[in-house]
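Scroll down for the structure; my scribbles are underneath it.
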Amino acid sequence: MNKIILIIEREYLTRVKKTSFIVMSILGPLLIAGLMLLVIWMGMAENQNQKLLVIDDLYPTFSGLKNKSTDLVQFDYQDISLDDAKKLLYNSDYTAILHIPSNITFGKTAQLFFDKQPSVVIHRIIERRIEGILETINLKQYNISREDFYNVKIDFRLHTIRYKESGEEEEVSKEKGFVGFAFGLMIFMFIFLYGVQVMRGVIEEKTSRIVEVIISSVKPFQLMMGKIIGIALVGLTQFAIWIVLTVGIVLVVQSVFFDMNFDPANLDNMQMTTEMAKQMETEKSISTKDIIDPNNLISRINWPLMLGMFLFYFLGGYLLYSAMFAAVGAAVDNETDTQQFMIPITMPLIIAYTMSIFVMQNPDGPAAFWLSIIPFTSPVIMMVRVAMGISASAIWELVLSMVLLVGTFIFMTWLAGKIYKVGILMYGKKASYRELWKWLFY
Amino acid sequence: MPEVLLRTENITKQYSNHLALDGVSIAVQEQRIFGLLGPNGAGKTSLIRIINQITAPDSGNILFEGRVLKPDDVEKIGYLPEERGLYKKMKVGEQTLYLARLKGLSRSVALERLKYWFEKFEIQSWWNKKVEELSKGMQQKIQFITTVLHEPKLLIFDEPFTGFDPINTELIKKEILELKEKGTTIIFSTHNMESVEELCDDIALINNSKLILEGSMQDINKSFRTNTYELVFNGSLDAFKQHLNENELIDATESNGSIRARVKLGDKDGSLNKLLTGVLPVVEIRACNEVIPRMREIFIRAVGESSGKDKIDE
């Protein structure tokens with residue numbers, strides 16, 4: 001037992017002392033913080049003041065726009081043709097041309113010509129303004145009072161709420177799925193990054209021929225577990241540093257450059273908006289209006305459960321996969337030979353990652369169920385489900401998934417240990433699957 | 001009668017497609033150098049790995065200090081494998097300390113002993129160097145130190161001299177003999193027959209997974225006597241030949257006016273005296289001594305005989 005601690009210590013210290021670790025520990029948060037600040041900055045820069053040249057084919061129907069000018073969006077009228085206006089665009093301080101066609105009341109579209117695309121917010125403002133005027137025209141035409149109109153107009157939304165047997169209610173929403181997705185992504189990345197490190201470590205010991213010296217002092221299984229645990233601690237350390245540094249950097253930059261009152265509680269919101277913004281890029285359909293209030297989102301997630309499960313699946317998934325990575329490392333002589341064994345390991349991980357988006361759409365469907373039960377995909381998928389809320393009647397699924405994960409990683413570690421034990425002493429031999437099978441019974 | 005430190009009893013080890021060891025029993029006596037010999041693939045490394053508890057035998061026992069070998073005994077054994085290396089990116093000092101602690105030494109004891117050895121080999125300046133900065137010969141010195149640092153009762157060297165330059169080879173030989181003087185028992189596996197003659201007290205020869213020869217160097221030399229003598233004389237070779245009687249001339253060379261002849265005594269009541277009586281009247285004998293079989297010849301003969309026997313068995 002004492003010796004495994006020595007091994008853990010060595011695996012940990014040699015990695016933590018590496019320049020690459022230190023660089024990554026510093027660069028990581030800078031990158032994350034930079035990205036976050038970039039998003040904030042872009043959000044601010046986006047709303048660059050716009051001076052629009054309105055070409056109104058229905059003048060003066062839309063002349064009211066001019067009165068609604070703000071600093072952000074300024075509407076300016078000139079009685080010229082669209083073609084002339086286009087020529088003017090690059091020779092004036094106009095940032096865009098808004099062309100209101102004569103058929104706007106039927107077609108319900110107008111055109112905006114620009115060089116630099118105005119932000120979503122600007123878009124929204126222009127749309128609202130025109131919408132307002134069109135509404136007024138219609139109200140007049142159909143002889144409806146504005147009051148009646150607002151009484152009739154409906155902005156409908158469906159709220160999805162899980163009603164638990166205990167009487168508790170919990171809102172189910174896709175946004176919460178994003179939180180789970182983010183956590184799942186972290187687990188996915190961690191397993192990959194550090195699983196490969198385990199494999200590399202094993203290969204290094206094998207190719208440098210130190211391994212036989214070591215296992216004349218300790219059992220191969222101790223060496224393998226020491227490595228796996230040591231590297232897990234390196235990963236946890238890296239995460240801890242990242243979190244602390246990221247919070248620190250964002251805090252400092254916020255207080256220096258942005259006149260914003262920033263407290264750490266908001267940080268999670270920031271991360272959320274970053275995540276959301278990323279999501280938005282892929283799903284253009286979500287407009288600014290639809291971004292939910294992050295504060296609200298934070299409060300709607302069962303954080304103790306979420307963080308507890310994150311830690312559990314994070315470690316469980318890592319232990320399961322790193323045992324397999326260790327076995328692969330033992331089976332080969334150099335990294336280029338790992339290819340054939342990597343596919344069966346990386347496939348389930350990639351499937352889990354890609355399916356997590358699908359699971360977000362349908363968190364109670366059969367795919368979500370099976371993928372969150374199967375230990376090879378559950379660490380990523382279950383994060384999404386937990387974030388979206390697990391119903392009381394489905395608690396058994398969570399328990400089953402956890403038990404299966406623990407059982408599988410114990411079994412896998414045992415299996416990997418057998419392959420490892422034989423593999424590390426096989427030099428200059430490229431193992432096949434057949435051979436691995438034989439090694440199990442050595 | 002010296003005590004037996006390590007005894008293997010009927011060790012058998014089967015790998016999926018071949019039998020690596022077939023009922024091998026050896027006894028290694030305390031404070032002696034035991035040569036474990038055999039052609040490539042004979043099973044030497046398999047046996048050594050079993051003694052080091054790296055792999056387990058399918059059947060058979062290993063007794064250490066008169067009782068069954070137990071896991072803790074790894075701390076009393078030092079092993080320098082044939083396939084050996086060090087962590088390349090780790091510093092020499094850190095690494096030797098780590099390996100010593102894995103063998104059960106406390107940090108302070110390990111540091112103290114490392115200081116002794118580093119001073120002895122005059123390599124103190126390497127302490128903070130990374131292993132990859134050292135030459136191969138330097139790395140071998142480090143490996144030797146880590147093998148002996150925990151002062152094991154039993155040292156196992158598997159091909160210790162491969163890749164060593166002659167100076168390092170001499171240095172390590174000297175250290176091995178010194179360790180033996182201090183009471184360490186050494187198992188020494190090698191192909192290098194000269195170093196066997198130089199160092200070993202006892203040998204065991206393994207061929208095709210089986211033990212085919214075991215005993216002290218003296219006894220083995222005796223049993224492999226070929227009854228051959230080398231005579232140096234002045235005079236006529238023809239006359240010498242005519243007076244050989246039933247003895248057989250193997251070869252003769254001439255140098256500096258003297259003839260050097262190797263003669264195998266006749267099978268029936270051949271003796272050196274008879275041979276000398278026969279040739280004394282015709283030549284002038286300058287020197288005469290028995291041709292002691294070289295380890296290399298013993299090795300080749302024993303392996304050849306056992307391989308031949310195997311074929312007949314089949």
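Could you rank the peptides A:376-383, A:52-59, A:134-141 by their average count of other C-beta atoms within 10 Å per residue, with the highest value first? Write down the numbers at each step before the final one.
Details: A:376-383: 28.5, A:52-59: 19.5, A:134-141: 12.9.
Ranking, from highest mean packing down: A:376-383, A:52-59, A:134-141.
Residue order for A:Glu168, B:Glu198, A:Glu212, fewest other beta carbons within 10 angstrom first, comes to A:Glu168, B:Glu198, A:Glu212. Over 22 Å apart at the Cα level, from the set B:Lys76/B:Lys129; A:Lys18/A:Lys206; B:Lys115/B:Lys141; A:Lys418/A:Lys438, are B:Lys76/B:Lys129. Shielding of peptide A:431-438 by partners, expressed as the average count of other chain Cβ atoms within 10 Å per residue Cβ, is 1. Considering only beta bridges that DSSP places wholly inside chain B, some 70 percent are antiparallel. Which of the lysines could be linked to B:Lys210 by a straight reach, that is with a Cα gap under 18 Å, when you skip same-chain ones fewer than 8 residues away? By straight Cα distance, B:Lys210 reaches B:Lys13, B:Lys44, B:Lys309, B:Lys311. Per-residue ellipticity at 222 nm computed for the protein assembly as shown from its helices equals -17500 deg cm²/dmol, with DSSP H segments shorter than 4 residues left out and the rest contributing -39,500 (n - 2.57). Average projection, convex hull of the Cα set of the range B:226-290: 3.8 square nanometres. Across peptide B:141-152, the mean count of Cβ atoms from other chains lying within 10 Å of each residue's own Cβ comes to 1. Once the Cα atoms are used to define both axes, helix A:378-388 deviates from the longest principal axis of chain A by about 40 degrees. Look at A:Met224, A:Met309, A:Met342 and count the other Cβ atoms within 10 Å of each Cβ; fewest to most, that gives A:Met342, A:Met309, A:Met224.
For the options A:Gly107, A:Gly230, A:Gly177, a Gaussian network treatment of chain A with springs between C-alpha atoms closer than 10 Å singles out A:Gly107 as fluctuating the most.
Can you sort A:Tyr163, A:Tyr77 from fewest to most other Cβ atoms within 10 Å of each residue's own Cβ?
Working: A:Tyr163 10, A:Tyr77 16.
In increasing order of surrounding Cβ atoms, one gets A:Tyr163, A:Tyr77.
Beta bridges assigned by DSSP with both partners in the range A:48-118 are antiparallel in approximately 30 percent of cases. Judged by the ratio a/c of the largest to the smallest principal axis of the C-alpha gyration tensor, the range A:351-404 counts as oblate, that ratio being 1.5 or greater while a/b is no larger than b/c. Structure remark: mean-square fluctuation, Gaussian network model of chain B, C-alpha springs under 10 Å; the largest value among B:Tyr15, B:Tyr79, B:Tyr98 belongs to B:Tyr15. For peptide A:202-215, the mean count of partner chain Cβ atoms within 10 Å of a residue's Cβ comes to 6. The calculated P(r) of the range B:4-222, using every Cα pair and 10 Å bins from 0, goes 8, 33, 36, 19, 4, 0 in percent.
Taking A:Gly428, A:Gly28, A:Gly248 in turn, the Gaussian network model of chain A (Cα-Cα springs below 10 Å) assigns the largest fluctuation to A:Gly428.
For the range B:226-290, relative contact order (Cα pairs under 8 Å, six or more residues apart, normalised by length) works out to 50 percent. The antiparallel fraction among DSSP beta bridges confined to the range B:74-231 stands at about 45%.
I'd like the distance separating the alpha-carbon centroids of the range A:95-145 and the range B:35-92, in whole Å. After rounding, the separation between the Cα centres reads 85 Å. For the protein assembly as shown, the Kirkwood estimate of hydrodynamic radius, built from reciprocal distances between every pair of different alpha carbons, is 33.7 Å.
By the rule of a C-alpha distance below 25 Å, with chain neighbours fewer than 8 residues away ignored, the lysines paired with A:Lys66 are A:Lys51, A:Lys86, A:Lys87, A:Lys108, A:Lys116, A:Lys140, A:Lys289. Each listed q (0.11 Å⁻¹) maps to a log10 I(q)/I(0) for chain A from the Debye sum over equal C-alpha point scatterers, namely -0.97.
Compute the long axis of helix B:295-313 from its Cα atoms, compare it with the longest principal axis of the Cα atoms of chain B, and write down the angle in degrees, 0 to 90, nearest 10. So the inclination is approximately 90 degrees. Round to the nearest 10 and give me the degree value, 0 to 90, for the angle of helix A:120-142's Cα axis relative to the longest principal axis of chain A. Its long axis makes an angle of about 40 degrees.
Quick note: the coordinates plus some simple rules give every number you see, no bench work behind them. Keep in mind that this is a model prediction, so the values were computed, not measured. Here the Cβ is made from the backbone with ideal geometry for all residues, glycine too, and neighbour counts use every protein chain on show.
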